[in-house]
Amino acid sequence: MVYDIVIIGGGPAGLTAGIYVKRAMLNAVLLEKMGIGGQIIVTDKVENFPGFLEISGADLAAKFEEQARKFGLEMKGMAEVDSIEDKGNIKIIKTTEGDIETKSVIIASGTTPKRLGAKGEVELTGRGVSYCATCDGFFFKEKEVVVIGGGDSAITEAIYLTKMAKKVTVVHRRNELRAEKINQEHAFSNPKISFIWDSVLEEIVGKNVVEKVVLKNLKTNVTSEVKTDGVFIYVGLIPNTKFADVKKDERGFIIANAKMETSVKGIFVAGDCRVTPLRQITTAVGDGAIAAVSAERYLEEL
Ligand code: NAP
């Protein structure tokens, strides 16, 4: 069987594309290697998605999924895409569970949190080092944790961690946060959060579990130690785009035009894995809708 559209990735971008292509009565399948919902599943609280004053990421993801299922979107779990072979009007998606033939593709494969590369980081991952406060925050009840980064992920997760931890220290390499102003305000006014500015993480130390971190102040070059039970790292995102042989920027984000068309005819992109000035649920959803309509028009022209 040849699909009209294969959507790679089951986050907000992919699920929105799925809703639109099914409403256009196209024959589509969505492939997701982890859980349907993407990164928002591990987001504690979403308060900037219009229509919901406040909702958990998992609940929002469940609503997206329910809506996509309502329109009959086929979803395949656990299929990891290795490559896309471009045969012109037909694309062959090579997955861990066999080949899938399709006339068009929407890549909505999102991103993965970046590793920092600090000494001790790999060895102590799962032993106090984490990239997901929603998953691991529970283990730090009444403990002290350090959060690395100054973006929205670091700040929103630091705020979330204050529900469990007794003290949260945010370490940022500059003296100004990158996060949205409203998130900054929430963090600055939270009595459990303190900040260490102009500093980077040099080493995470611990025999079996995290015991302390070694920080270096970039202005003074002075190193210092901070005792901590946990280290949560949020230093940016890596696009999940290795399998896609399309034009990308130097960091691997896929380049697309306003119609979400990539450099290869019939391959579209949506959401966090593309070059975009803003990575939010709202923008992912918008991308998904545009990519779906562009794919539909492409199929009409075929
Ligand atoms: P990000 O915006 O790229 O921020 C990464 C942070 O890590 C920056 O503060 C950066 O410092 C720091 N950093 C990068 N490399 C570092 C290194 N080697 N050592 C120390 N610090 C380092 O990534 P993000 O916070 O994961 O957010 C990704 C996207 O998702 C953004 O568009 C964000 O707005 C969005 N998001 C939004 C929300 C929300 O509630 N609205 C929540 C989560 C994510 P510099 O600032 O100095 O570059």
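Quick look at the numbers
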read-out	value
Residues being within 15 Å of Tyr234 (Cα to Cα) and either more than 7 Å from the ligand (Cβ to nearest atom) or open to solvent by less than 50 Å² (accessible area, probe 1.4 Å) (or both) - total across segment 157-182	12
Unmet requirement for Val21, which otherwise passes all of (1) open to solvent by less than 50 Å² (accessible area, probe 1.4 Å); (2) within 16 Å of the ligand (Cβ to nearest atom)	(2)
Residue count for segment 262-300, restricted to those that are farther than 20 Å from Gly11 by Cβ and open to solvent by 10 Å² or more (accessible area, probe 1.4 Å)	8
Members of segment 73-94 found to be modelled with pLDDT of 95 or more, under 22 Å from Lys22 (Cβ atoms) and within 22 Å of the chain's Cα centre (by Cα), listed by number	Met75, Val81, Ile84
Considering residues of segment 117-147 that are open to solvent by 30 Å² or more (accessible area, probe 1.4 Å) and farther than 22 Å from Ala187 by Cα only, the residue nearest to the ligand (Cβ to nearest atom)	Gly117
Pair list, Cβ under 7 Å, 6 or more apart: segment 34-48 residue farther than 12 Å from Ala133 by Cα and small (Gly, Ala, Ser), other residue within 11 Å of the ligand (Cβ to nearest atom) and not in a helix (DSSP H, G or I)	Gly38/Gly110
Condition broken by Ala258, with the remaining ones in (1) more than 16 Å from the ligand (Cβ to nearest atom); (2) under 22 Å from the mean Cα position of the chain (by Cα); (3) touching a residue at least 40 places away in the same chain (Cβ under 8 Å) satisfied	(3)
Test: residue in segment 196-210 that is open to solvent by less than 70 Å² (accessible area, probe 1.4 Å), among the aromatic types (Phe, Trp, Tyr), in the same structural domain as Ile155 (by TED's automatic domain parsing) and within 13 Å of the ligand (Cβ to nearest atom)	no
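The values are calculated or read from the model by the stated rules, or taken from the named source; none is laboratory data. Given the structure is predicted, the values throughout are model-derived calculations rather than measurements. Using ideal geometry, Cβ is built from the backbone for each residue, glycine included, and neighbour counts are taken over all protein chains shown. Surface accessibility is based on the protein's heavy atoms, side chains included, excluding ligands, DNA and RNA. Shrake-Rupley method; radii C 1.70, N 1.55, O 1.52, S 1.80 Å.
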